[in-house]
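Take a look at the structure below.
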Amino acid sequence: MKGWRQLVYGIVVLTAACLWASPLQAQQDEGQKPKPAAKEYPPLLEPGDKQQNADEEPQKMQPDNGPLGGIQNPTLGTTEMRHSYWVPGIEYSNTARSNSVNAASNSGWGTTSYLSANTSLLAAWSHSVLSANFSSGGFFSTDGAQGNGQYHQLAAAYEIEERRWQLLFVNQFSYLPQTAFGFGGTTGLAFPGITGNLAVPLPGLQNVFLPNQSILTTNGPRYSNASAVQLTYAVGSRGSITFAGVYGILRFTEPGNVDNDSEILNAGYNYALTRKDTLGLIYRFGAYHYPGDPQALGDHVAQVAYGRKITGRLGLQLAGGPEITTFRVAIGGSARKISGSGNAVLTYAFSRSGVALNYTHGVSGGAGIFSGSEIDQVNAIWNRQLTRVWNGSINFGYAKNRQIVSFGGLTAPVYDTWLAGAGLSRPLGREANFSLGYQAQIQNSNVAICAGPGCGTNYTVHEIFGSFQWHARPLVLR
């Protein structure tokens, strides 16, 4: 009975979080001009300012027991938990930007100040864990296209683990004034909740389950949400089966963009070859819908997967296989396309540094430009402890979005998006962190990237970030 009480408790918390987001969504739909939120959560590693200080004793790591055929990114494991706690904090960030967030207006350098309240929660019972990171605040910008407004971000997960089964609930919400791809660089602005050693680790959903936002020049504020539930059941000493469902939305508050909904069903079989190596079979079906547009996609994916995990050192996942996409409204006379899909995730920890790589190829919702697109996306981050207190990081991202099927005699739009940046961070005592960062954003296309006079086929932005985060001492729950 205790496990069921914990399940009900977790559902109530996650439901409350979703209900909090609903009034905001309704407010936006009534015509009020919205603003930013956080970005999609990093594929693997946390930024340097969330790592352990060099003068603290290393903590024991618990192995990552997530299924190979599941919906979350693999990790190096989790730190052993001593207490349940929650921590409030505040954050101030400033971003200097060389161009407007609106690609149609090249207004020169502008600055945006962000001020938010942050909260992180980590609560554990004998067979379950509840994790949550939340940030909510406002911003003030000299960029007239962005203006002033509010931003919010939430990541929450509740997991129950019994002897033969695991049950997982996840919700990721963000409300931004611009694309989530590259928002905040490597600074604390990019992540919900507090930073530092008390930051709550929360593995993000894999890219294929999140609304795609990897085209920089989509217009205006937007909000996205992905809610997921996953059940894993052990069918033997080595084998397990996994079932998951994910519902996602991407909504823009200004015209000229393509909203989308996605419903994804995922099933997998996992077989442990050794304590470190796993083989798997994955089937995934995705349904993509576009409000106000008769087009809809049905996407079938079958993959063979391999995973290897060494706690505290290595996390590797490889998967690939055929993909069949059907169209409600035929494109270029074709109602179906057969292609390939794949993804690769690698995270590796050295003694004083770590590297993470994430690659995805397949069909996505369209990133606000297309009614479905074929995407290749790469995310990479490297961080290193430079001195006892200073940490450095380098980030890189690339995404190519293209129309799934070409029309005869017409140019098929293609968008290439590049991100490259670096950052420094350091703790200021036990309760504060400071970070600096730089990032370049580049987008090239074979068509005009915006509507209006003077719009070309490329767009380049330089960004400089500064962020200060403070949090209270942890408030121990038990």
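The values are calculated or read from the model by the stated rules, or taken from the named source; none is laboratory data. These numbers were taken from a predicted model, which means no experiment stands behind them. Neighbour counts run over all protein chains shown; Cβ positions are idealised from the backbone, glycine included.
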Given the criterion more than 27 Å from Ser98 (Cα to Cα), in contact (Cβ under 8 Å) with a residue 24 or more places away in the chain and either assigned to a loop (DSSP other than H, G, I, E, B) or of a type in the set (Gly, Ala, Ser) (or both), identify the matching residue among Val389, Val447. Val389
Just checking, how many residues over the range 347-357 are in a strand (DSSP E or B) and either within 15 Å of the chain's Cα centre (by Cα) or not aliphatic (A, V, I, L, M) (or both)? 6
Taking the range 226-241 and the residues there that are of a type in the set (A, V, I, L, M) and crowded, with 22+ Cβ neighbours inside 10 Å, the one that is farthest from Arg163 (Cα to Cα) would be Ala226
Across the range 173-214, what is the number of residues that are assigned to a loop (DSSP other than H, G, I, E, B), under 21 Å from Ser393 (Cβ atoms) and not polar (S, T, N, Q)? 18
Look through Phe327, Phe285 and report the one residue that is within 20 Å of Leu205 (Cα to Cα), in a strand (DSSP E or B) and of a type in the set (A, V, I, L, M, F, W, C). Phe285
From the option list Gly421, Gly466, single residue qualifying as within 24 Å of Ile369 (Cβ to Cβ), under 23 Å from the mean Cα position of the chain (by Cα) and outside any loop (DSSP other than H, G, I, E, B) is Gly421
From the option list Gly70, Gly31, single residue qualifying as surrounded by 23 or more Cβ atoms within 10 Å (Cβ to Cβ) and either at pLDDT 90 or above or not β-branched (Val, Ile, Thr) (or both) is Gly70
Selected residue (criterion: surrounded by the most Cβ atoms within 10 Å (Cβ to Cβ)) from residues of the range 441-478 that are of a type in the set (Phe, Trp, Tyr) and farther than 30 Å from Pro413 by Cβ: Phe465
Could you check the range 306-324 and list, in sequence order, the residues that are assigned to a strand (DSSP E or B), among the β-branched types (Val, Ile, Thr) and in contact with a strand residue (DSSP E or B) (Cβ under 6 Å, 6 or more places away or on another chain)? Ile324
Given the criterion part of a strand (DSSP E or B), surrounded by fewer than 17 Cβ atoms within 10 Å (Cβ to Cβ) and in contact (Cβ under 8 Å) with a residue 60 or more places away in the chain, identify the matching residue among Arg336, Arg384. Arg384
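Right, Tyr398: aromatic (Phe, Trp, Tyr), surrounded by fewer than 22 Cβ atoms within 10 Å (Cβ to Cβ) and in a strand (DSSP E or B) or not? Quick ask: steps written out before the conclusion?
Values: aromatic (Phe, Trp, Tyr): yes; surrounded by fewer than 22 Cβ atoms within 10 Å (Cβ to Cβ): yes; in a strand (DSSP E or B): yes.
Yes.
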For the list (1) without any contact (Cβ under 8 Å) to a residue 40 or more places away in the chain; (2) under 23 Å from Thr179 (Cβ atoms), I need the number of the one condition that Arg82 fails. (2)
Checking Ile194 against (1) under 26 Å from Ala420 (Cα atoms); (2) of a type in the set (Val, Ile, Thr); (3) under 15 Å from the mean Cα position of the chain (by Cα), which test does it fail? (3)
Residue satisfying all of: in the range 358-381; in contact (Cβ under 8 Å) with a residue 24 or more places away in the chain, under 15 Å from the mean Cα position of the chain (by Cα) and part of a strand (DSSP E or B); surrounded by the fewest Cβ atoms within 10 Å (Cβ to Cβ) among these: Ala380
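Among the candidates Ser262, Ser227, which residue alone is modelled with pLDDT of 95 or more, outside any loop (DSSP other than H, G, I, E, B) and under 30 Å from Glu80 (Cβ atoms)?
Being modelled with pLDDT of 95 or more, outside any loop (DSSP other than H, G, I, E, B) and under 30 Å from Glu80 (Cβ atoms) holds for just one of Ser262, Ser227, which is Ser227.
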Pairs please, first residue from the range 212-241 and under 21 Å from Val170 (Cβ atoms), second anywhere and part of a strand (DSSP E or B) and modelled with pLDDT under 95, Cβ atoms under 7 Å, 6+ apart in sequence or on different chains. Arg222/Leu176; Tyr223/Ala37; Ala226/Leu205; Ala228/Leu205
Looking at the range 116-144, I want the residues that are free of Cβ contacts under 8 Å to residues at least 24 places away in the same chain and have a partner that is crowded, with 22+ Cβ neighbours inside 10 Å and not aromatic (Phe, Trp, Tyr) with Cβ atoms under 8 Å, at least 6 apart or on another chain. Which pairs are those? Ser136/Ser116; Ser136/His152; Ser136/Gln153
